[in-house]
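Laboratory data are not the source of any read-out in this text; all were calculated from the coordinates shown. Keep in mind that this is a model prediction, so the values were computed, not measured. FYI the Cβ positions are ideal-geometry reconstructions off the backbone, even for glycines, and counts take in every protein chain you see.
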Amino acid sequence: MAEGSLIHDAIVYLAAAVVCVPIAARLGLGSVIGYLVAGCLIGPSGIGLIREAQSTMHFAEFGVVLMLFLIGLELDVKRLMQMRRPVFLSGGLQMAACAAALAAGLLALGLSWQGALAAGAGLAMSATAIAIQTMTERNLLNAPVGRTTFGILLFQDISAIPIMALVPLLGAEVAGAEPGWLQAAKAFGAIAGVFLFGRFLTRPLMRLIARSDVREIFTAFALLLVIAIAEAMTLAGLSMALGAFLAGVLLASSEYRHALEADIAPFKGLLLGLFFIAIGMSIDFALVVEAPWLLALLVIGLVAIKAVTMALLAPMLGVAGRERWLFAALLSQGGEFTFVVFGVAQKAGVLSSRWEALLTAAVALSMATTPLLMLLHERLTAHRAREEREADTIEAEGTEVIVAGFGRYGQIVSRLLLAQGARITVLDHSPDQIDLIRKFGYKVFYGDATRLDLLEAAGAHGAKLLVVAIDDVADSLALVDLAREQFPQLRIVARARNVRHWLELTERGVSAVERETFESALRTGRAALETLGMAPFEAREFADGFRRRNLATLQSLVPHFRDEAKSVALAKSGRQELEENLRRDREARSSHGGSEGWQ
């Protein structure tokens, strides 16, 4: 029965993730919301596919334990010392300010000063997994705002240790219970024992295991270490998650760290996903129905207080003014350790069961707001950038070519034209990109190329050619429509992001359209064929044949590509014809003894 239940639960967890996460990603909400929604749906408060509350709690704890082990494994002490200013100064300031502001708010809602202080300290921490994943998706980790955010997250992870050790001191002593000072002493003793074990025994044990020359034993030892230390923390009255985090920190300084990371890395994304599913399952919707306004106030208050506090602190932490709300959005939610702090506080009698459940639900819901805040920030930033910065005054006398878009694609085209002495005017709508490019001597102007007045100022009436290298498909098509209507003498060379974009441009009469990855992929295929032993001439002919037939297939789709059924039928017949023609070409070359004369 237990085995069947375990398999059933695993199927439910994975099926919910497979269904919900792609939908959330397709809607632009990010994978985190998908996992949270999946957990809400399958949990006891949802449709009840997972009904046993105890099973849910075990699953959630297992997800937290494994995820925090991975976070600790990435916490290299040397890296920590190199980042000591953003970690300790920025992190300490953030924790103190947010904890004080949140504790004041909770006091106003009627919590005791002990409960408000403990809950405020827990709520001041942010979700490392969400912030890191969000920054990774947006390539922000190595940016200044990313480094400051990462330093603060590291400090929060470290500060969780003393917070969880000190929270029991705030609880009222009850008959038969250990006094708070004794609980704190046991906690500090357990932590000290863990560090002594890691300092003197971990590496010798790892060397012994390495001599066995069995790679999977590293993973087994890591799991053993996690479970043993987590159990030691539990016996000392602390959280298993804290023990897992400490185990990761111990292994982070080991010379075997990279081998362990390589073994565990494939499971990291799934483990994080399972953690967020567990968070979604932990939301008590009965409590939401019982106290909707209080819960809404807690969620909005938590996110708003943290966001405003972080925005105010941003200048003192070295965050650029234009990035302060991005910085605030990244750290506005509650964190993974927050749940652990609440559990310790509830066990110590600092928080009542009802307040612990309310705050847990508020933190889980606050995690779902981060992707939404990031989307809102991106849209507002793009809109504000266009409003705040007026288009540059363009000196376009004698312009032959207008290049719209100066990203990686437009840069190559522009450099090629400039190398041949062509007189070009470049338009781009990214202020930061333009300021950077101008440092290297390029003549680039800020402006939205889809505006008629800017095209006229850029010299479109007298220019010979318009190069459309814009990333956004809709803007690219809008520019082509505008140019063909207002400047019919302009010849257009355009970049297509994909086949659909190619068809849209071709339908508009643009004859020189290049798919941005097609030619490079074709040359890579030629190189692969030559590496496999095909003669260079034969590989070139084979690739040229592929190009001709591929373009012929696309041309046949142009009149019908808005008719889905017809397009599918043409695409299938085109592929069959391509395969048949390539087969005949290969047989013809083989019958003539292969290729000669071009080596």
If I model a spin label at residue 27 and residue 484 as a point 7 Å from the Cα along the Cα→Cβ vector, what separation in nanometres do I get? 3.6
Of the peptides 363-373, 273-283, 496-506, how do they stack up when ordered by the mean number of other Cβ atoms within 10 Å, highest first? 273-283, 363-373, 496-506
Compute the length gained on full extension between residue 107 and residue 196: take 0.36 nm times their separation in residues and subtract their Cα-Cα distance, giving the result in nm to one decimal. 28.1 nm
Under 5 Å between amide hydrogens, which residues at least 5 positions from residue 403 or on another chain qualify, with H placed 1.01 Å from N in the peptide plane? 425, 426, 427, 467
Using a 10 Å cut-off on Cβ atoms, rank the peptides 517-523, 125-131 from the highest mean neighbour count down. 125-131, 517-523
Computed label-point distance, nm, for sites residue 498 and residue 512 using a 7 Å Cα→Cβ extension: 2.7
For the range 461-501, what relative contact order do you get, as a whole percent, if you take Cα pairs closer than 8 Å and at least 6 residues apart? 53
With a Förster radius of 30 Å, plug the Cβ-Cβ distance of residue 137 and residue 18 into 1/(1 + (r/R0)^6) and report the FRET value to the nearest 0.05. 0.90
Most packed first (mean Cβ within 10 Å per residue), the peptides 111-119, 295-303 order as 111-119, 295-303
What FRET efficiency comes out for residue 352 versus residue 523 if R0 is 60 angstrom and r is the Cβ-Cβ distance? Round to the nearest 0.05. 0.35
Estimated FRET transfer efficiency when R0 is 51 angstrom, pair residue 530-residue 223 (beta carbons, to 0.05): 0.65
Determine ³J(HN,Hα), in whole Hz, for all residues of the range 89-104 in sequence, where each value follows from phi through the Karplus function 6.51 cos²θ - 1.76 cosθ + 1.60 and θ = phi - 60°; x replaces Gly and Pro. 6, 5, x, x, 5, 5, 4, 5, 5, 5, 5, 5, 5, 6, 4, 4
Approximate spin-label separation residue 11-residue 471, in nm, with each point projected 7 Å along Cα-to-Cβ: 4.3
